[in-house]
Amino acid sequence: MAIDKEKNIMKALERNPKVSVCVVTYNHEKYIRQCLQSIVDQITDFEFEVIVGDDASTDGTTDIVREFSDRYPGKIIPVLHEKNVGPAENYFSVHNIAKGKYIAHLDGDDYCLPMKLQVQSDLLDSDSNCNIVFHRMLVQKSNGEISNARQPDINTIGEIYFDRKSIIQYIAIASHSSKMYRKSVREFDLVSFDMLDYYVNVEQVGAGTARVISDGYFGVYRAGIGISSAGIKTRLMLKDCFLHFCKKYPEYRLQVNTAALTYFLADLKNWRKTWPMFLGVWLVTFHIGSMFNLLRSLKFMKQLRLTN
């Protein structure tokens with residue numbers, strides 16, 4: 001098994017695609033087939049590869065990944081872990097060997113819609129200041145119903161640009177499965193605490209921008225599955241991020257403090273048990289302008305539906 005894993009990694013290193021699609025999966029037997037098929041069905045004017053990291057799934061996920069690797073040899077590169085390594089190491093196991101100029105991320109329970117890779121690649125080609133590009137996603141509920149719920153009001157705010165300062169404040173700017181970024185910004189400082197995609201986005205945007213494509217939907221996010229639904233665990237990781245960013249980027253203390261205040265008020269409003277934690281973070285990172293900044297930003301945040 002270990003030999004097969006090394007061979008697959010070598011295959012990935014030998015390729016020269018323009019785009020790498022990195023898929024992370026664990027026990028996604030019900031979803032991974034649709035996920036992978038939606039990627040290989042993408043029509044592009046460039047070569048792309050699909051690297052799939054399976055974190056020692058205990059259901060039929062691994063067999064399905066092998067099936068796709070056999071059906072699309074050289075295009076789908078499986079990285080099959082013999083034992084569970086956790087979300088972070090699984091993430092790095094695929095992203096670190098991606099060869100594309102641009103790298104897309106997709107969770108194994110989500111899937112693409114037509115033209116995703118072409119549209120995102122074209123945007124990165126045309127805007128040298130853009131380091132990350134996201135797109136809007138439809139939401140699929142557990143009953144199979146698909147809607148455009150919790151999406152930005154594009155008619156009101158149009159194309160959306162974020163720099164590091166605004167990502168720190170607004171946090172959940174787009175779905176992780178809608179992300180494509182430049183390989184040149186792949187490397188970032190590792191930390192001792194568990195990382196969220198929020199942390200990765202703040203680091204990878206660098207001195208450039210992240211853009212959210214306003215025209216159309218190019219993926220489907222399955223609601224109620226994965227770490228985004230983990231509640232308190234996610235909030236604990238956010239706390240660590242806020243404290244870290246306040247120290248690393250003191251020039252953005254106002255934005256960190258505003259983000260902490262936002263979560264404190266949202267938790268208090270919804271009677272979540274984590275409100276004292278975010279109150280503490282707000283006090284530790286205190287900036288006198290955070291309340292005014294929150295009020296000034298509230299309309300935009302509501303349009304992004306980030307305050308629920």
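Determine the sum of side-chain charges near G60: Lys and Arg each +1, Asp and Glu each -1, restricted to other residues whose C-beta is under 13 angstrom from that of G60.
Numbers: positive: K30, R33, R66; negative: E29, D54, D59, D63, E67.
For residues surrounding G60, the net value is -2.
May I ask you to order 184-194, 100-110, 125-135 by the average number of other C-beta atoms within 10 Å around their residues, highest value first? Kindly include the intermediate steps, with their values, before the conclusion.
Numbers: 184-194: 12.1, 100-110: 24.3, 125-135: 17.5.
Output ranking for 184-194, 100-110, 125-135: 100-110, 125-135, 184-194.
Cross-linked pairs K165/K269; K101/K247; K99/K239; K239/K269: Cα-Cα separations exceed 29 Å for K101/K247; K99/K239. In whole angstrom, how far apart do the alpha carbon centroids of region 26-54 and region 72-89 sit? The distance from the Cα centre of region 26-54 to that of region 72-89 comes to 12 Å.
Sparsely packed loop sites in region 9-91 (the trypsin sites (Lys or Arg not before Pro) outside DSSP H, G, I, E and B with at most 12 other Cβ atoms within 10 Å) comprise K83.
As a ratio to 2.2 N^0.38 Å, the alpha-carbon radius of gyration computed for region 230-304 takes the value 1.04. If you wrap the tightest convex hull around every Cα atom of region 162-290 and split its volume per residue, you get 130 Å³.
Quickly rank 235-243, 282-290 as a protection proxy: mean count of other C-beta atoms within 10 Å, highest first.
On the way: 235-243: 19.0, 282-290: 16.1.
Highest mean packing first, the order is 235-243, 282-290.
Note on K18: aspartates and glutamates with a C-alpha under 12 Å away, same-chain residues under 8 apart excluded, are D45, E47, E49, D122, D125.
Here Rg/Rh (Cα atoms, Kirkwood Rh) was calculated from the structure, and among [x] 0.99; [y] 0.96; [z] 1.09 it sits at label [y]. Near the amide H of G219, within less than 5 Å, lie the amide hydrogens of L113, L138, all on another chain or at least 5 residues away, with H placed in the peptide plane. Computed over region 173-217, the quotient of the alpha carbon radius of gyration and 2.2 N^0.38 Å is 1.25.
Taken about its Cα centre, the chain carries a charge dipole of about 1060 debye when Lys and Arg each add +1 at the Cβ and Asp and Glu each add -1 at the Cβ.
Under 5 Å from the amide H of I213 lie the amide H atoms of F134, H135, R136, each residue being 5 or more positions distant or on a separate chain, with H modelled from the backbone and absent for Pro and chain starts. The residue list V281, Q37, S142 was ranked by how far each Cα lies along the charge dipole of the chain toward its positive end, using unit charges on Cβ atoms, and V281 comes out on top. Relative to one another, the C-alpha centroids of region 123-147 and region 238-276 are positioned 26 Å apart.
Taken together, the values in this text are just the output of simple stated rules run on the coordinates, not laboratory data. All values derive from a computational prediction rather than experimental measurement. Glycine gets a Cβ as well: all are built from the backbone with ideal geometry, and neighbour counts include every protein chain shown.
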